[in-house]
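The values are calculated or read from the model by the stated rules, or taken from the named source; none is laboratory data. The structure displayed is predicted, hence computed values, not measured ones. Here Cβ is always computed from backbone atoms with ideal geometry, including for glycine, and neighbour counts include all displayed protein chains.
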Amino acid sequence: MKKFALLGGLLVLVIGFYAFGFNDYLDLTALKEQRSDFINYYQANPWQTSLWFFLIYVVSTAVSIPGASILTLAAGAVFGLWWGVILVSFASTVGASCAFLLSRYVLRKPVQSKFSDKLAAINAGIEKEGAFYLFTLRLIVVFPFWLINLLMGLTPIKLRTYFWVSQVGMFPATILFVNAGTQLAKIEQVSDVLSPAIAVSFALLGVFPLIAKAIPGIVRRYKVLNAYDKPDSFDYNLVVIGGGSAGLVSSYIAAAVKAKVLLVEKEKMGGDCLNTGCVPSKSLIKSTRFLAELTRSERYGIKQASAQFDFAEIMERVAAVIKQIEPHDSIERYTDLGVECMTGEARVSSPWEVRVGDKTVTAQNIIIASGAKPRVPSIEGLKSVTFYTSDTIWSLRELPKRLVVVGGGPIGCELGQCFSRLGSHVILVDMADRLITPEDEDASTLLMQHLVAEGVEIKLGRTVKRFVKKNGEQCIVINSEDAVEESVPFDAVLLAIGRQANTSGMGLEELGVQMTPAGTINVDKYMRTQVPTIYACGDVAGPYQFTHTAAHYAWYSAVNSLFGDVWRFKADHRVIPRVIFTEPEIASVGHNENTAKEAGIVTETTTFKLDELDRAIVDGKTDGFIKVLTPAGKDKILGVTIVGEHAGEILPEFVLAMKHGLGLNNVLGTIHAYPTWAEATKYTAGVWKKNHAPKKLLALLERYHLAKRKQ
Ligand SMILES: Cc1cc2nc3c(=O)[nH]c(=O)nc-3n(C[C@H](O)[C@H](O)[C@H](O)COP(=O)(O)OP(=O)(O)OC[C@H]3O[C@@H](n4cnc5c(N)ncnc54)[C@H](O)[C@@H]3O)c2cc1C
């Protein structure tokens, strides 16, 4: 109501302005005719005239009445150059700030909530560079003054910033117009003041700060190169360091486009994913899911089912799976694909040189794809107990009776569940107050319920203080929030508290390659480091540490490093799927409710519970849900979280839809085979549709059918 009253008041003011003919004064001829009267009045009442002029200028600008140019010319004509400039400069800034505040008060909330998904990127840009954008807009005089005030009011730019940037940005045009006003007789029309040449000069002045801001970065990059001797010719177009997912894909792409590429790997081809990550963990999950299914035999009408197994044999099967996949990532295969492979530890010795052992090779560009390793914190007593990480756990052949898992993220939860199913008593410790914190609370709650039901002991909100030996037993001492220490005995510990990028010992810091606060290599939107010839991708660069993202960013690194002189592609971070392979599985893409809230995006949530899906009932796996976030009233998919059986297999339909701009109406209009898990996507879209049914139209239809029945 207050906002409507304010708008009404403004409207009355504007109508009154025109109705009483005040607009006649905002005319060049009128100004010329009455100039001497104004000057006489000013000379008789200098402070009064200045104050009235100031107020009129502020009000007309605040309510966006066109005429600022005439008022500015009038300032020159009546007050002279310097007093005119001072008056106009402050009045225009105060007026612009009032218009900005009005727009913010009346329009910002509705506009931001209606278009929150589209405005998120603009808001982020304004928060980071708002002052530069505003300065540029102020100097590009073709942008109407009032429109800038209204639009900027919709953004998150601070009033203080808006005020001073406007004051500075409008200053050159103010001087130009006030000065022109001092020679009013020479002006035939307002457009005479601003010739095309002056307008272009202002625009150049406007973009200058943006260019100036970019220049030091460009200079710094090329200064790094000048410090080294550039080889006259190169052994390779590209040297890739690291033969994991990122390195394999980068080198394959380079070879596919006929570049001469060398891939250097110091340990095993295939990197973490094949040797210590995705492949072994998913192999172990397969065996342990089978065991878990047997315990649920009654659910399928089978009174009793049991299995005899040997832990060592299951771990041997894991090793055998790795062996079976190994040829896909082998030196032989990549050599056949046209990639030259070398075994050894690589070190970058100049922007174009890589040393491997006592050999130095030269390349036009280098890609760092050296991955990450498990983080091992320096906790008192750790070295004296039996501890494993995701790198070393695969060598276990004897099942630990009591396994402490430190870390409730994806790796800790996946492996913790596996070992619990194999018969270990698993105690999962995390300092957070819930598991898998990046996901929504309902997802982590459901996972926790399953883990607890299976016998995993979960201790949240606990910090690890130290490891000790007590009465011949290994113990972990943990601390709760209320500082009560607890000592938990165990046979082995698995540390799963995050992964640390492999950046040291490769000569990167010496060259000037910068790191992020997270310890990953800092790359720009083209996957390039501060050294223009060096790119990075995969776990070492982040921000996501998955095999599929390593491959995704590898494409940008390879293509930009080989063809960047001609065209560069900005890495696309928009639609990144992620899956946690616990039971229930948790698959997500885009925003969840937490991240949308953090980004200030207003969303609507549509939920479909899997207990309504025929296939889930048939399979006896009804626990779980699909949650889709859309902008209010629209079917555009902003994010999806699926918790339940086959979540990772259901997700790709949403990923495809998001990537290609398809909405829930498109999903609903697609035939899905019955009875499949994939049908769940269609039913989720159906829930959304039902929630948006045109109620008035349906009421009319109801009446129509009633009338027909009565005929
Ligand atoms: C237990 C676990 C389970 C996982 N499960 C999944 C999953 O299900 N799905 C998923 O998408 N992701 C999963 N991941 C993550 C996935 O494994 C990684 O994101 C992926 O392997 C990253 O690939 P990369 O090429 O960046 O690094 P890496 O695979 O680590 O490869 C880097 C390679 O560089 C080599 N190297 C390092 N320094 C040098 C040097 N100086 N000279 C020469 N060579 C060097 C290393 O030896 C290594 O082989 C899992 C990870 C773990 C630990």
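Computed values, structure above
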{"item": "Lone unmet requirement of (1) assigned to a helix (DSSP H, G or I); (2) of a type outside the set (Ser, Thr, Tyr); (3) under 22 Å from the mean Cα position of the chain (by Cα) for residue 686", "result": "(3)"}
{"item": "Within region 508-598, strands (runs of 3 or more DSSP E) holding 2 or more residues that are at pLDDT 95 or above, more than 21 Å from residue 411 (Cα to Cα) and within 14 Å of the ligand (Cβ to nearest atom)", "result": "534-536"}
{"item": "Residue satisfying all of: in region 98-136; over 16 Å from residue 6 (Cβ atoms) and of a type in the set (Ser, Thr, Tyr); nearest to the chain's Cα centre (by Cα) among these", "result": "116"}
{"item": "Index of the failed condition, residue 246 passing every other in (1) out of contact with any strand residue (DSSP E or B) (no Cβ under 6 Å at 6 or more places or on another chain); (2) more than 16 Å from the ligand (Cβ to nearest atom); (3) touching a residue at least 12 places away in the same chain (Cβ under 8 Å)", "result": "(2)"}
{"item": "Residue match in region 78-97 (condition: more than 17 Å from residue 50 (Cα to Cα) and at pLDDT 85 or above)", "result": "yes"}
{"item": "Residue check for residue 34: modelled with pLDDT of 90 or more, of a type outside the set (Ser, Thr, Tyr) and in a helix (DSSP H, G or I)", "result": "no"}
{"item": "Region 447-476, residues that are farther than 22 Å from residue 576 by Cβ and touching a residue at least 60 places away in the same chain (Cβ under 8 Å)", "result": "450, 451, 454, 464, 465, 466, 467, 468, 469, 474, 476"}
{"item": "Wholly within region 331-429, strands (runs of 3 or more DSSP E) carrying at least 1 residues that are within 13 Å of the ligand (Cβ to nearest atom)", "result": "340-343, 346-350, 353-356, 359-368, 372-374, 402-406"}
{"item": "Any pair with Cβ under 9 angstrom, 6 or more apart, that starts in region 1-27 at a residue that is acidic (Asp, Glu) and ends at one that is part of a helix (DSSP H, G or I) and surrounded by 13 or more Cβ atoms within 10 Å (Cβ to Cβ)", "result": "24/30; 27/70"}
{"item": "Sole residue being basic (Lys, Arg), within 16 Å of the ligand (Cβ to nearest atom) and assigned to a loop (DSSP other than H, G, I, E, B), chosen from 268, 230, 258", "result": "268"}
{"item": "Test: residue in region 482-489 that is away from the ligand (no atom under 16 Å from the Cβ) and in contact (Cβ under 8 Å) with a residue 40 or more places away in the chain", "result": "yes"}
{"item": "Residue in region 284-298 that is within 11 Å of the ligand (Cβ to nearest atom), in contact (Cβ under 8 Å) with a residue 24 or more places away in the chain and under 30 Å from residue 454 (Cβ atoms) present", "result": "yes"}
